[in-house]
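Here's the structure we're looking at; comments come further down.
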Amino acid sequence: MIDPDASNAPTVLLFPPPPTRQKWSSVDLLRLLLGLVLGAAGLFAATFADGTISGVESDVIDAVGRIPDSVEQAVVGSAQIIATFVPLFAFVVVLWRRRWRLLLMLFLASTVASIAIGLLTSWLGDRDVVALLADRAASSADLVGADFPTTEYVATAVAATVVGAASLPRRWKRAAWAWVVVLMVLRFLGPGEPPLDVWIAGSIGMVVGSLTLLVFGSPNLEPRPEQILASLREVGLDPVEIRRRDDITGGSTAYETVERDSSQRFVKMRTPDDRSGDLLNRLFRAIRLRSSEVSRPYSTLKRRVEHESLALRTVQDGGTRSPMVVSVGVTASGAAFLVEELVSGRQLSDLAADDLDDDITRSTFRAVRAVHSTRTAHHRLTLDNMIVDADRHVWLLDFDDAELAADERSRSRDVAEILVALGLVIGPERSVRLGVDELGPEAVARALPLVQPLALSRSLGQSIKSERHLLDQLRHEMHELTGADDVPLERLARVPTRTLLMILAGAIAFYSLLPQFGNLGETVDAFGDARWPWIPALLAASLAYFVFATISFLGSVAQPMPIAASVRSQVASSFAQLVGPASSGKMALAGRFLQRNGLTPPEASASVALNTIAGITTHLLLMAGFFAWAGGADVGGVSLPSISTLLLVAGIAAVAIAIASLFRRVRAMVIRPVIDGLRTAAVYVAQISRSPIRVVGLLGGSAMITMSYLFALVFSVEAFGGGLTVAQIGAAYLGAAAIANIAPTPGGIGPLEAAMIAALTGFGLEAPIAISSVLTFRLATFWLPIAPGWATFVWMERRGEI
């Protein structure tokens, strides 16, 4: 029992204080990630752009050098005074307060940061800018030395500030970080260290300090019992008892209170650590999922609890049984809280299958229907957030993730989630049957594409891992009871994990084999001797691809299409090609875009297939022509098959198809769909053929797509000295591209580079030049367009164009 003010207030029963320290704080983890990103950017610039960075640093130093000597001496002197006396003052305060654990952590973080930045500085070596700084330092007047505060000092200062600021109040925390910023700016303007080294030192200090807190624990940001009591009294409550709830899921801290009038309240607390955890979760989802699956964060914790308060009152107006909002408030430590009436009952997650009878299940679906009647989506319909009261009515709780004015798709996600949550307990058949009775067959059918793990909340997604067959059973029951057509699952992941692994494996496999193609030192020398005026021509050829791709795309569609949006779709395909091998990602994006513009699924599929066939046909024709132009069947060490071999393969394929057609199941599952698709495509081709402009655009654009990349490789080879004819380079590219199209890696990563290098060297090009040419070609045509492709992809998603 704790009495916060025994002289003026009655005794209040408070819960035991929380631990003073916590491990794995979200704040520390978020800061660690930020430090790693900043450090990686600095190291990348120092390693791979040394010439550019040195030039920029020299320009900055020259500009600073024009500052009058009196001003520069004042700057250096200020930096040295700040660097000397502020840490000394902090050390005295820590000793005076006898914070021995904190003192040990500060010493450890400072030492590790100093060693780490020393090793990194030695690895980076001396740069030209260091000599320039030495000349300036020799003529400088200062208190201690021109190189003080050093790079090591900056790293230790940042690391110590990260560790020490975690234990400070907000005002002193801001003052500590202001000291670090001023120190780095003054050090940046002084003559002692290169600007980039100061950047790297700050990031290293941030990483080391964050790791120290993660290992030893950081101060617990949960308000103390006395702070909670004072905050509740500020919003008009008068509790006589406050109990901490340890059974609450969802990441928040919660309490129960007993008021002086014997009424009970539920208090949901959001601390700054919750905010950092929310940002981490959104960051992970933004990387893993499409932008439409990631909501924007709240500007403050207060805005977050205000949003939940509004959502609760909105659904209550629509007839949903949910807790009544009592008040919203903030604490002196920066936390925010929501006070609700306490609902008594049992959580549905605590009920066994026999206890969860049809009446309670129907009441659950009716509660969801009431929420959706206000155009609100709950977004976390797990059984932990539902309570059945003494009258067997179901109440919905926790509207923290609720979305007001939600669209139909968001509400369908709710339906999918509640069907899965109930299906885990009562079985898929009962869950779908009762859901259809209460929500209607249309609402259940619309949820079909979202019955998948990525569409579920985290806790429910983890529960379903051990019941993987349940989702298939649910989808089957939904088909049977609603009569809905078989629709594919909606693609929610930005790039599937399997695809990322394929990209990584392909890239590692190829680039690790680079030394096998030629001497690495000679390859580096070839890069140094490159004729860079050819690079603009290479980039122009890469950009021309998108122009001709748009022309070919427009030619494959029978109806008019928006030109600007079509160009965007082709740019976005640079990112979509990462989704799967053999351009499957590009085709999926094109089909989605066409359907958004009014084409039926069969028409969209026919258009995509027509464009693909046109590309394959023109590629093969150009390949045959360039092979003949380059000198016959034996091209770069790659021999073309003879006509008799091709006829033999075609005959074997025809016999295999004829035998397979004798089986009824093969005819039903393979041959008939193919024939139906060909019929649809034939009708669509007939529509296209009525417009000569579209035919010319389709075939001409497809041919020029190939030619733009072909000439991009020509320009790349010329940039490194040349040595082959256009016919030889064209044959090498076309043959390698044909081989890479059947590779299982997205964009042909690995096989395409290897095949092009082998073909170019087969024609007689030196291996170092071939390697440099191919790597530069792939950088311009594959890697560089990914970033603008991703930005365009996200922009089109938000505008509803795909």
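Based on the alpha-carbon gyration tensor of region 351-467 and its eigenvalue square roots a ≥ b ≥ c, which shape applies: rounded if a/c is under 1.5, prolate if not and a/b is larger than b/c, or oblate? Rounded shape, in that the Cα axes give a/c under 1.5.
If packing is taken as the mean number of other Cβ atoms within 10 Å per residue, what is the order of 105-118, 258-271, highest first?
Values: 105-118: 20.6, 258-271: 17.4.
Ranking the peptides 105-118, 258-271 by packing returns 105-118, 258-271.
For the peptides 717-725, 755-763, residues were scored by their other Cβ atoms within 10 Å and the scores averaged per peptide; the highest-first order is 755-763, 717-725. Maximal additional length on extending the A791-D247 stretch stands at 191.7 nm, based on 0.36 nm per residue less the C-alpha distance.
With a 1.4 Å probe rolled over the protein heavy atoms of all chains, the accessible area of L784, L168, L232 falls in the order L784, L168, L232, largest first.
Straight-line cross-link reach from K302 at under 30 Å between alpha-carbon atoms covers these lysines, not counting any fewer than eight positions away in the same chain: K23, K173, K268. Only protein heavy atoms count here; on that basis, with a 1.4 Å probe, S349 has an accessible area of about 50 Å². Largest first, the residues D273, D246 sort by 1.4 Å accessible area into D246, D273.
The values are calculated or read from the model by the stated rules, or taken from the named source; none is laboratory data. Quick caveat, the model's predicted, so the values are computed rather than measured. No Cβ is skipped: glycine too gets one built from the backbone with ideal geometry, and neighbour counts run over all protein chains shown. Accessible surface areas use protein heavy atoms only, side chains included; no ligands, DNA or RNA. Shrake-Rupley method; radii C 1.70, N 1.55, O 1.52, S 1.80 Å.
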